[in-house]
Amino acid sequence: MRNVAFVVLVGAVVALNGCGGSSSGGTAGAGGATGKGGAAGGSAGSTGSAGSTGSAGSTGSAGSTGSAGTAGKAGAGGSAGTAGKAGAGGGAAGSGGHGGGSAGAAGSGVAGAGGGTACGDATGLGSGATCNTVAASGACVTSTLSTGAMPTPAGGAFVAGTYNLVSQTDYGAADAGFSSQTGRQTVVLSNVTATSFTLDQIQTSGSIVARTEGTVSVSGMIATFARTCPPPKDAGTDSGNSAQFTATSSSITLFQQNNGLVEVSVYAKTL
């Protein structure tokens, strides 16, 4: 009985040793030793257990997604057009920018001094820049000399409004020392009564712009201008004088002495 118990114990030991860590099958158990004095041979040893199945390999990670390409830059805008010259219209439009940029905007023209295109070729300093904001909007007029019969002043009633010089004629002898002048004149009459009115005036010739403001008193067929702007230290081109006149609802004609001649200036009402 003691030998049989040993054989069983050995079989148990063999069975435990059969559990390998590898993935191969366990080794078959050895046969039990023949029992001494037993009627039959010892029992066969137990078959070893199969080895554990190896674990599957890890699944590879997916590749990272590529970054999107950078967007192309917009074309640069075109350069702005150059500014227009004095008295002219706007400058030409700027050229288009590279790479699809928008064309530059057209340059703005700058109006000539005093309004309108250049008239006359006089040079020098102007006066009365702050006296008024009247624009010289009339025609460019060149004075002429006449040896014919001069019109006669007729007086009349002054009417408020804006008047542009349309003609200027000097009457007298051909050798009286006439000197032709070219320019523009615009006058504005306001606060008109039977005996006075306010006069704002602008005269332009070449690069010279002269502005005056004052009060005109009326007596019979004589109008006398008293300047209030510019101040005495900046006398301007018209410091105050008297003239005979003819006034209608649409025009004013002034008769003034000018170096031995009589200068007749006609102004047409526009507003």
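Take the residues in the stretch 243-271 that are among the polar types (S, T, N, Q) and at pLDDT below 95; name whichever of them is nearest to residue 197 (Cα to Cα). Give the derivation first.
Of the residues in the stretch 243-271, the ones among the polar types (S, T, N, Q) are 244, 246, 248-251, 253, 256-259, 265, 270.
So of that shortlist, the ones also at pLDDT below 95 come out as 257-259.
Values: 257: 22, 258: 24, 259: 28 Å.
Restricting to residues being among the polar types (S, T, N, Q) and at pLDDT below 95, the top hit is 257.
Can you spot a residue in the stretch 227-238 that is at pLDDT 95 or above and either within 17 Å of residue 186 (Cα to Cα) or open to solvent by less than 40 Å² (accessible area, probe 1.4 Å) (or both)? Yes - at least one qualifying residue is present in the stretch 227-238.
The residues listed here are 159, 218, 166; of these, the one that is aliphatic (A, V, I, L, M) and open to solvent by less than 40 Å² (accessible area, probe 1.4 Å) is 218. The condition of being farther than 22 Å from residue 228 by Cβ, out of contact with any Asp or Glu (no Cβ under 8 Å at 6 or more places or on another chain), open to solvent by 50 Å² or more (accessible area, probe 1.4 Å) and modelled with pLDDT of 95 or more holds for only one of 173, 111, 118, 139, that being 139. Checking every residue in the stretch 194-208 against the condition of being free of Cβ contacts under 8 Å to residues at least 24 places away in the same chain and closer than 21 Å to residue 143 by Cα gives zero matches.
The values are calculated or read from the model by the stated rules, or taken from the named source; none is laboratory data. Just so we're clear, the structure is a prediction, and the values are computed from it rather than from any experiment. Quick reminder, even Gly has a Cβ in these numbers, built from the backbone with ideal geometry, and neighbours come from all protein chains shown. Just so you know, the surface numbers come from the protein's heavy atoms only, side chains and all, with ligands and any DNA or RNA stripped out. Shrake-Rupley method; radii C 1.70, N 1.55, O 1.52, S 1.80 Å.
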